[in-house]
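Notes follow the structure.
The values are calculated or read from the model by the stated rules, or taken from the named source; none is laboratory data. All of these numbers come straight from a predicted model, not from anything done at the bench. Cβ coordinates were reconstructed from backbone atoms using ideal geometry, including for glycine residues, and neighbour counts include every protein chain displayed.
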Amino acid sequence: MCCEVKKEPGRDSEIHTCIHTVSAEDVTMRGILRVSSMFALFQNIAGEDVDRLGYGDSMFREGGILWMLTRMRSKIRRMPRYGETVAVSTWTGVSGHGLYTRHYSITDRDGGLLAQACGIWVLVDGQERIMIRQPLCHFPNTVTGRELPAPRHLKMPAMDRKALLSVPFGLCDLNGHLSNLRYPDLAEYLIGTDYLREHEPVRADIDYLREVRPEEKLAVDWTQQGEDWYFRGSTGGPCVQMHLQYRKSLET
C-alpha cells in the first residue's frame, strides 16, 4: 500500500492513518474493492503501526516469534471504487491473556465511514506454533466510538454443499501457509460470477483456526441462506470459518 502517515490530533492521537488510492489490482471486474484487498489494507497498516509502536517483525523475528491474526469482523457501508482515494486507519484496543484487539476503518475524502473492522491478533512461537500468553506488548486502549465489538466465535449453520480445493504454492505467504487474505477469494470462487455480478459485500467475518500448508487438500462445506454465505474449511481438522453477507447492487 502506498501511503503517507498522518498524526491525528487530540483524542485520536494514537490512530495511525494512511492515504490510499484504489488501484486496478485492488478491485473486482466491477471496479469495487475486493474483500481480500480490504483485508490487505488493514493487515498492511497494522504492520506499520506495530513497527511504529516498537513491536514489529524487527523485534520478534530473531526470537522466532510471529504475529498471527485469529479472528476478523468487518462491516461495509460501501466498498471504495477504482481510482477513489480513501483514508485507512487503525488503532489498538483492549489487550489481555495474549489477545491483542485492533480496530480499523476506511473513510472517504469527506470523512464519511465506508467500512470498519475489528481483529484479534496473537503472538505465536514460530517453531512450535504455540500461542504466547504472557504480555510481551503494551498497547494503548484507544476509544473513538467507531469500534466494532470484539469478535466472538462464529456460529455456523448446517451446510449442504461441498468442495475440495488444493492449496497452490502461489497462495501461500512468508509464514509458509495459505495466506489469510486468500480465503475470501476462494469463497467468492465458490459463490460464482453470476451472483457476484449483481451483489456487493456488506459483511466479512472470519475465524482462522489452523494453518493450511501448500498442496494440502482443503475440504470446504458451505451453504447460502438468502444473502448470507457460510463456509467451513478443514484439512482433517477445522481450519477456517467464514461468513460473507451481500446486498443487491444498485449498479450491475
If we keep just the residues of the range 84-101 that are among the hydroxyl-bearing types (S, T, Y) and under 15 Å from G47 (Cβ atoms), which is surrounded by the most Cβ atoms within 10 Å (Cβ to Cβ)? T90
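So which residues in the range 212-221 are surrounded by 18 or more Cβ atoms within 10 Å (Cβ to Cβ) and either within 15 Å of G176 (Cα to Cα) or under 15 Å from the mean Cα position of the chain (by Cα) (or both)?
V212
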All but one of (1) assigned by TED's automatic domain parsing to the domain that holds P238; (2) in a strand (DSSP E or B); (3) modelled with pLDDT under 95 hold for K162; which doesn't? (3)
Restrict the check to the range 64-83 and report whether at least one residue is out of contact with any strand residue (DSSP E or B) (no Cβ under 9 Å at 6 or more places or on another chain) and surrounded by fewer than 18 Cβ atoms within 10 Å (Cβ to Cβ). no
Determine if the range 162-173 includes at least one residue that is surrounded by 11 or more Cβ atoms within 10 Å (Cβ to Cβ), touching a residue at least 12 places away in the same chain (Cβ under 8 Å) and among the basic types (K, R). no
Looking at the structure I just gave you, is Y104 modelled with pLDDT of 90 or more, hydroxyl-bearing (S, T, Y), outside any loop (DSSP other than H, G, I, E, B) and surrounded by 15 or more Cβ atoms within 10 Å (Cβ to Cβ)? yes
Candidates G176, G111, filtered to the one that is at pLDDT below 90 and over 21 Å from R34 (Cβ atoms): G176
Tell me, which residue of the range 222-247 that is in contact (Cβ under 8 Å) with a residue 12 or more places away in the chain and outside any strand (DSSP E or B) is surrounded by the most Cβ atoms within 10 Å (Cβ to Cβ)? T235
Those residues of the range 127-156 which are loosely packed, with under 13 Cβ neighbours inside 10 Å, within 20 Å of the chain's Cα centre (by Cα) and over 26 Å from I15 (Cβ atoms), in sequence order: H153, K155
Given (1) over 18 Å from Q241 (Cβ atoms); (2) under 20 Å from the mean Cα position of the chain (by Cα), index of the condition L190 fails: (1)
